[in-house]
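K.L.:
Mind looking over this structure? Questions follow.
The values are calculated or read from the model by the stated rules, or taken from the named source; none is laboratory data. All of these numbers come straight from a predicted model, not from anything done at the bench. So basically every Cβ, Gly included, is an ideal-geometry build from the backbone, and we count neighbours across all protein chains shown. The accessibility values were calculated without ligands, DNA or RNA, using every heavy atom of the protein model including side chains. Shrake-Rupley method; radii C 1.70, N 1.55, O 1.52, S 1.80 Å.
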Amino acid sequence: REIHFGLIVEPEDHDDLVVLDAFRDAVALVGRRDGLAAPGKRKAAEERLRSHPLIYAGRVDQCAQIVEALAAEELFPKRHLKTGDLELTKSLVLAGVGIGILPRRVAAYGHEGELAIVHPDLPQVPDRVALAYRGDSHKTAAWRRTKDALMDHSERIKEIPLG
């Protein structure tokens, strides 16, 4: 009972929690806008994907789903680097090391316009992000204001960056 609210990606039902949809995101293949994510045809994007390292957080289920989808399409590159952290993945992609698998909001945060989707037709995994709290929470005025502020903010950020 120390944490009043949580943001959960792909929440599962739980008898003790109230779960409210907050916003959507998607995990996608991203690269530097001035390099590996340059606009072009899917074939060119596939060639860039095959010929550059793929960087991703191995512990993230959505990354594993994209890796499986790439393997099924015979697009999984020979060189790949598993990281333990989304921010490390992002830093390596920003440095131009390769193509990354990142949530679109993580890719955009703090580096607006620098990263872009490699190609919209390549595999992506949609995410549902929810606000969760205990059903038996003490619903004080401050608690209600905080919940309302979180939900109001989620309304303002519904649009997924990196289009």
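K.L.:
Please work out whether the range 19-121 counts as rounded, prolate or oblate from its C-alpha gyration tensor, where a ≥ b ≥ c are the square roots of the eigenvalues and a/c under 1.5 means rounded, while otherwise a/b larger than b/c means prolate and anything else oblate?
P.N.:
On the way: a/c = 1.41, a/b = 1.23, b/c = 1.15.
Rounded, because the longest to shortest axis ratio a/c is under 1.5.
K.L.:
Rank L150, L131, L86 by mean-square fluctuation in a GNM of the chain with C-alpha springs under 10 angstrom and give only the top-ranked residue.
P.N.:
Top of the fluctuation ranking is L150.
K.L.:
Could you tell me what percent of the accessible area of the range 59-163 is made up of carbon and sulfur, with a 1.4 Å probe and every protein chain present? The partial results should precede the final answer.
P.N.:
On the way: 3160 of 5890 Å².
The nonpolar share, carbon plus sulfur, comes to 54 percent.
K.L.:
Among A141, A116, A26, determine the one that fluctuates most according to a GNM of the chain built with springs between C-alpha atoms less than 10 Å apart.
P.N.:
Result for the chain, Cα springs under 10 Å: A141 fluctuates most.
K.L.:
Report, in debye and to the nearest 20, how large the dipole of the range 49-91 comes out about its Cα centre when Lys and Arg carry +1 and Asp and Glu carry -1 on their Cβ.
P.N.:
Working: 6 positive and 6 negative charges, 46 e Å.
In total the dipole reaches around 220 debye.
K.L.:
Could you work out the relative contact order of the range 60-134? I mean the mean sequence separation of Cα pairs under 8 Å and 6+ apart, divided by the number of residues, in percent.
P.N.:
32 percent
K.L.:
From the protein chains alone at 1.4 Å, what is the descending order of accessible area for I3, I66, largest first? List each step's numbers first, then the result.
P.N.:
On the way: I3 135, I66 0 Å².
Accessible-area ranking of I3, I66, largest first: I3, I66.
K.L.:
Below 9 angstrom from the Cβ of V106, what's the summed charge of the other residues (Lys, Arg +1; Asp, Glu -1)? Intermediate results must be reported in sequence, preceding the final value.
P.N.:
Details: positive: K90, R104, R105; negative: D25, E87.
Local net charge: +1.
K.L.:
Would you mind checking which residues have amide H under 5 Å from D127's amide H? H placed 1.01 Å from N; only 5 or more apart, or other chain.
P.N.:
D25, A26, V27
K.L.:
Counting Lys and Arg as +1 and Asp and Glu as -1, what is the net charge of the other residues whose Cβ lies under 14 Å from the Cβ of A141? All intermediate terms of the calculation are to be shown ahead of the outcome.
P.N.:
On the way: positive: K139, R144, R145, K147; negative: D148.
Residues close to A141 contribute a combined charge of +3.
K.L.:
I need to check one value: relative contact order of the range 1-121, counting alpha carbon pairs closer than 8 Å and at least 6 residues apart, in percent.
P.N.:
Working: 173 pairs, mean separation 46.7, N = 121.
RCO, the range 1-121: 39 percent.
K.L.:
Right, another one. Order H138, H80, most accessible first, counting only protein heavy atoms with a 1.4 angstrom probe. Show your work: numbers first, answer last.
P.N.:
Details: H138 155, H80 90 Å².
Descending order: H138, H80.
K.L.:
May I ask what percent, to the nearest 5, of DSSP beta bridges between residues of the chain are antiparallel?
P.N.:
Numbers: 21 of 28 bridges.
Looking only at bridges with both residues in the chain, the antiparallel portion is about 75 percent.
K.L.:
So how much accessible area does R104 have, in Å² to the nearest 10, using a 1.4 Å probe?
P.N.:
Rounded to the nearest 10, the figure is 30 Å².
K.L.:
With every protein chain present, what accessible area does S51 have (1.4 Å probe, heavy atoms only), rounded to the nearest 10 Å²?
P.N.:
Approximately 50 Å² for this residue.
K.L.:
With every protein chain present, what is the per residue accessible area of the range 5-92 (1.4 Å probe, Å²)?
P.N.:
58 Å²
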